[in-house]
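Below is one structure, written out as structure tokens; the observations come after it.
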Amino acid sequence: MSRALSKLLTTQGKASVRDLDAVDLHTHVYLPRYMDILRARKDVPFVHPGVGGERLIILPAEQQQLEQQQQSGGISAGRPIGGEYWDASNKLRYMDRHGIRTSVLSLANPWLDFLPVEEQIRQATLLNDDMETLCRESSGRFLAFGVVPQDSTTAVKEVVRLSRELPHVRGVILSTAGLNGKGLDDPDMLDFYRAVDRAGLAIFLHPHYGLGNEHYGKYGHALFLALGFTFETTAAVSQLVLSGLLDQVPDTLRLLLAHSGGTLPFLAGRLDSCVEHDAAIAQNLQHAPSVYLKRFYYDAVAYHEPALQCLIDFVGSHKIVFGTDHPFFPPAQDNKEAPEGDKGGGEDLSELDWRSTLANYEIMANMSKEVQSAMLRDNAKKLMGI
């Protein structure tokens, strides 16, 4: 056990990680029905039935890489995908080991935009019903964000249905590409935002395919995930703010940004300054961009204490919720050794410990008990009505 993790447990008055009673708002599943869709496809996105196990292929560049590797033998394109993505019992074992009392599940990208519109509508209904059943049968361990079709009119209808018929679905996960890929700032989004607010649901904004991927190809998924996702969130949410749409919806609209808001907390002051010196943009906004950004909720999936501290300094700890991004970033093969200088509890990591999850606990270690508790569970309970 690391010194940081030991300090967190001491501050929280807990004997072990298993006792932390956290609420995880950033945790994904690929429901069995969704896996069937991906397995039946031969074009991106799809699941490739590799000899060493199935692999998820999302990007066109990955498909090209796969075709080349099939000729030479040995498949490393895409990412490996197994039962941790769809098996509820697997998710619960992970939660028990890592001190997570409740997980608010969401379908991971690429969601439904690759399907024809009518099929999107049908599958959104079926997948949301599946999610409701999964949550209802979990004895209180699961809640969920639902999915919506890409057409704004039918998306609004599904939001209404979620709020009326599926009590365990407390919000929707929405790509930062918006509906139909037109962006979060598209005027057609206004009816959707208003409908979500009226329904009392929350929106979990999550990056889709990444931004700038043409620069990252030779580095696998590393820069695609580290930079592409966070840059996509930064650009998309900035466009939403500058569009003025948020002045046309109630302040009660609840928006949760993935991955600690990308680089927004760090760049908020620069964004304010640039808008202030662009009269054509500034005159269309009631507030500086940072005012809108401070209304949002942010997950604490940062993996880095200075980054989390920057977020706290910007929006306050009352706007930050715990997240893991499970089942992505699984235990590495060398997980039996903690980072150099980071041992202090007399216990090394085991192959069952998710280093990525523990890192998001450790970055809270130097904060007060009140701040820790707010981010670990209290803020999430308020946001999701738990």
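Rounded if a/c is under 1.5, else prolate if a/b beats b/c, else oblate: with a ≥ b ≥ c from the C-alpha gyration tensor eigenvalues square-rooted, which is the stretch 251-300? Write down the numbers at each step before the final one.
Details: a/c = 3.44, a/b = 1.57, b/c = 2.20.
Verdict is oblate for the stretch 251-300.
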- Note on the structure: Projected onto their principal axes, the Cα atoms of the chain stretch, largest extent first, over whole-Å spans of 58, 53, 44
- Task: Please report how far the C-alpha centroid of the stretch 5-45 lies from that of the stretch 302-333, rounded to the nearest whole angstrom.
- Result: 14 Å
- Over the chain, what relative contact order in percent results from Cα pairs under 8 Å that are six or more residues apart? 20 percent
- Collect residues whose amide H, placed 1.01 Å from N in the peptide plane, falls under 5 Å from the amide H of residue 256; neighbours closer than 5 in sequence don't count. 203, 204, 205, 297
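What is the sum of charges, Lys and Arg at +1 and Asp and Glu at -1, for the other residues whose Cβ falls under 14 Å from the Cβ of residue 128?
Working: positive: 33, 122, 136, 157, 161, 164, 170; negative: 129, 130, 132, 158, 165.
Neighbourhood net charge equals +2.
Find, among the trypsin sites (Lys or Arg not before Pro) in the stretch 156-225, those assigned to loop by DSSP (not H, G, I, E, B) with at most 16 other beta-carbon atoms within 10 angstrom.
Counting only loop positions with at most 16 other Cβ atoms within 10 Å, the trypsin sites (Lys or Arg not before Pro) in the stretch 156-225 are 182.
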- In whole angstrom, note down how far apart the Cα centers of the stretch 145-177 and the stretch 352-386 are. 27 Å
- Task: Can you tell me how much longer the chain between residue 277 and residue 180 gets when fully stretched, taken as 0.36 nm per residue apart minus their C-alpha distance, in nm with one decimal?
- Result: 31.7 nm
- Message: Applying a 10 Å radius around every beta-carbon, put 13-19, 107-113, 357-363, 187-193 in order of their mean neighbour count, most first.
- Response: 357-363, 107-113, 187-193, 13-19
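By how many nm would the segment from residue 294 to residue 332 lengthen if fully extended, with 0.36 nm per residue of separation less the alpha-carbon distance?
Details: separation 38, 0.36 × 38 = 13.68 nm, distance 3.53 nm.
Net length gain for the segment: 10.2 nm.
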- Note on the structure: Two pseudo-spin positions, 7 Å from Cα along C-beta at residue 153 and at residue 139, lie apart in nanometres by 4.6 nm
- Sticking with the crude label model, points 7 Å out along Cα→Cβ, report the distance from residue 118 to residue 218 in nm, one decimal please. 4.7 nm
- Task: Take the stretch 110-243, drop everything but the C-alpha atoms, weight them equally and run the Debye formula without solvent; then report log10 I(q)/I(0) at 0.13, 0.16, 0.20 Å⁻¹ to two decimals.
- Result: -0.59, -0.85, -1.15
- Estimated dipole of the stretch 32-80 in Debye, rounded to 20 [Cβ of Lys and Arg +1, of Asp and Glu -1, Cα centre]: 140 debye
- Item | Counting DSSP beta bridges with both ends in the chain, the antiparallel % (nearest 5) | 20 percent
- Item | Evaluated over the stretch 1-144, the Cα radius of gyration and Dmax, each in Å | 18.5, 56
- Message: Suppose each label sits 7 Å from its Cα in the direction of the beta carbon; what would the residue 164-residue 252 distance come out to in nanometres?
- Response: 1.9 nm
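Dividing the alpha-carbon radius of gyration of the stretch 32-80 by 2.2 N^0.38 Å (N being the number of residues), what value is obtained? Show your work: numbers first, answer last.
Working: Rg = 10.2 Å, N = 49, 2.2 N^0.38 = 9.7 Å.
Expressed relative to 2.2 N^0.38 Å, the Cα Rg reads 1.05.
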- Sequence order, the stretch 20-27: Karplus ³J(HN,Hα) from phi using 6.51 cos²θ - 1.76 cosθ + 1.60, θ = phi - 60°, Hz rounded, Gly and Pro as x, gives 5, 6, 7, 10, 9, 9, 10, 8
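Checking the a/c ratio against 1.5 first, then a/b against b/c, what shape does the Cα gyration tensor give for the stretch 77-163? Please list the in-between numbers first.
On the way: a/c = 2.78, a/b = 1.50, b/c = 1.85.
Oblate shape, in that a/c is at least 1.5 and b/c is the bigger or equal ratio.
Every number here is computed from the coordinates shown, using simple stated rules; none is lab data. If you're wondering where the values come from, they're calculated on a predicted model, not measured in any experiment. Please note: Cβ atoms are built from the backbone with ideal geometry, for glycine as well, and neighbour counts cover all protein chains shown.
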